[in-house]
Amino acid sequence: MSAPPRLSARARVTRRALAGAAWTLAWTLVWGCMLMMFANRAHAAPLTLAVSTGPVSLPIYVAQARGFFKDEGLDLRLRECSSGRECYQWLADGKVDIATAAELLVATGSSAHRELAIIATISASSYQIKLVARRSAKIAEAPQIRGKRIGTVPGSSAQYFLDNWLVYNDIDPGSVTVVGLPPDKLTPALLARDVDAIAIWEPLASTAALALGGDAVTFASPRVYTQHFNLVGARPVLQRREDDVARLLRALLHAQHVIQSEPELARALLAERLHLPPALTATAMENEDYRVRLDQSLVATMQSEARWAARNADAPGAAVDVLRAIDAVPLHRVDAAAVGLVQ
């Protein structure tokens, strides 16, 4: 048998070149696939939302229970926090993508956190914060608060309410002693008679009144302060995850319609979530406006809070420009009619 013909030098070089090109192409395809896989994993990372416990977060509870987030194709991870203040801090620290928080935290903290912005109000109430006092401290009417010790959370919307409540009732703020405490320490301090009254948000106000029983007297003043509870995000995240943010807003708009059309279902869900009696849950819902929106009342409230913060040593600091602390683009993109800001 004759030996196979030997390749010429040129043919051998060509063959090696083709083999090298094939290997290069193969590795390029492998790396390309790996890069696409990593990109898809990064894109598929869940959006994290810090949720404050309370009636203010009902649209989120409804959207989760009814599966609206999944229906919108949103992979959402909820992290519960004890207050909007804690949620806001998680956002400022980069621990979450979006947070629920009262507008005061943004109005008074925007000079330190200019990258954070409100993208939507999900609930608003003139009854969200109340003053709960002990009758045994000889408090039955507002003027009797003079000379008493009042517990509240320093620099919070509760303190903003308290300061305005005192002025509204012609009570000199200097005539009371304000005791700064964390939210979870207020009711124990009231029960222990370390303070005579507390100014705090729901549901802590209701649980404090329940704990006091017949010794409780509650002051709710709708003319003093309307709290707007909002979704707040970091601008880089809002831009990078704009499609997911749109999915989040659409899910909450669906939840808004359920709250309006099926209030009994929403009340039952809220009672179960907060472990509150049905009667208190019904009252809480009646006092909340669950429209997803951005309107001028939010701006006016934040401007007032910025001025208050400038005078108050306990507040984080005044905002430079309140309008810059609101980003209407995401909500306008989903529902232009929900945006009523005057630019």
Looking only at the stretch 286-308, decide whether some residue is of a type in the set (S, T, N, Q), part of a loop (DSSP other than H, G, I, E, B) and farther than 21 Å from ALA325 by Cα. yes
State yes or no: is ALA133 in a strand (DSSP E or B) and touching an Asp or Glu at 6+ places or on another chain (Cβ under 9 Å)? yes
Per the filter on the stretch 86-121, residues out of contact with any His (no Cβ under 7 Å at 6 or more places or on another chain) and either in a helix (DSSP H, G or I) or in the same structural domain as ILE198 (by TED's automatic domain parsing) (or both) are GLU86, CYS87, TYR88, GLN89, TRP90, LEU91, LEU104, LEU105, VAL106, ALA107, THR108, GLY109
Looking only at the stretch 64-106, how many residues end up being touching a residue at least 60 places away in the same chain (Cβ under 8 Å) and polar (S, T, N, Q)? 3
Take ALA271 and decide whether it is assigned to a helix (DSSP H, G or I) and touching a Pro at 6+ places or on another chain (Cβ under 6 Å). yes
Within the stretch 105-147, can you find the residues that are among the basic types (Lys, Arg) and crowded, with 18+ Cβ neighbours inside 10 Å? LYS130, ARG134
All but one of (1) surrounded by 14 or more Cβ atoms within 10 Å (Cβ to Cβ); (2) among the small types (Gly, Ala, Ser); (3) under 23 Å from GLY54 (Cβ atoms); (4) at pLDDT 95 or above hold for ALA220; state the number of the condition that does not hold. (4)
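Listed here are the residues, each with its yes/no results for (1) exposed (fewer than 15 other Cβ atoms within 10 Å of the Cβ); (2) under 23 Å from GLY73 (Cα atoms).
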| site | (1), (2) |
| --- | --- |
| GLY233 | no, yes |
| ALA255 | no, yes |
| GLU262 | yes, no |
| ALA279 | yes, no |
| THR283 | no, no |
| GLU288 | no, no |
| THR301 | no, no |
| ALA309 | no, no |
How many residues of the stretch 58-84 are buried (at least 24 other Cβ atoms within 10 Å of the Cβ) and either part of a strand (DSSP E or B) or under 11 Å from the mean Cα position of the chain (by Cα) (or both)? The answer is 3
Could you list, in sequence order, the residues of the stretch 86-115 that are in contact with a strand residue (DSSP E or B) (Cβ under 6 Å, 6 or more places away or on another chain) and over 27 Å from LEU210 (Cα atoms)? TYR88, TRP90, LEU91, VAL96, ASP97, ILE98, ALA99, GLU103, VAL106, GLU115
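The values are calculated or read from the model by the stated rules, or taken from the named source; none is laboratory data. Predicted, not measured: the structure shown is a model, and the values here were computed from it. Cβ coordinates were reconstructed from backbone atoms using ideal geometry, including for glycine residues, and neighbour counts include every protein chain displayed.
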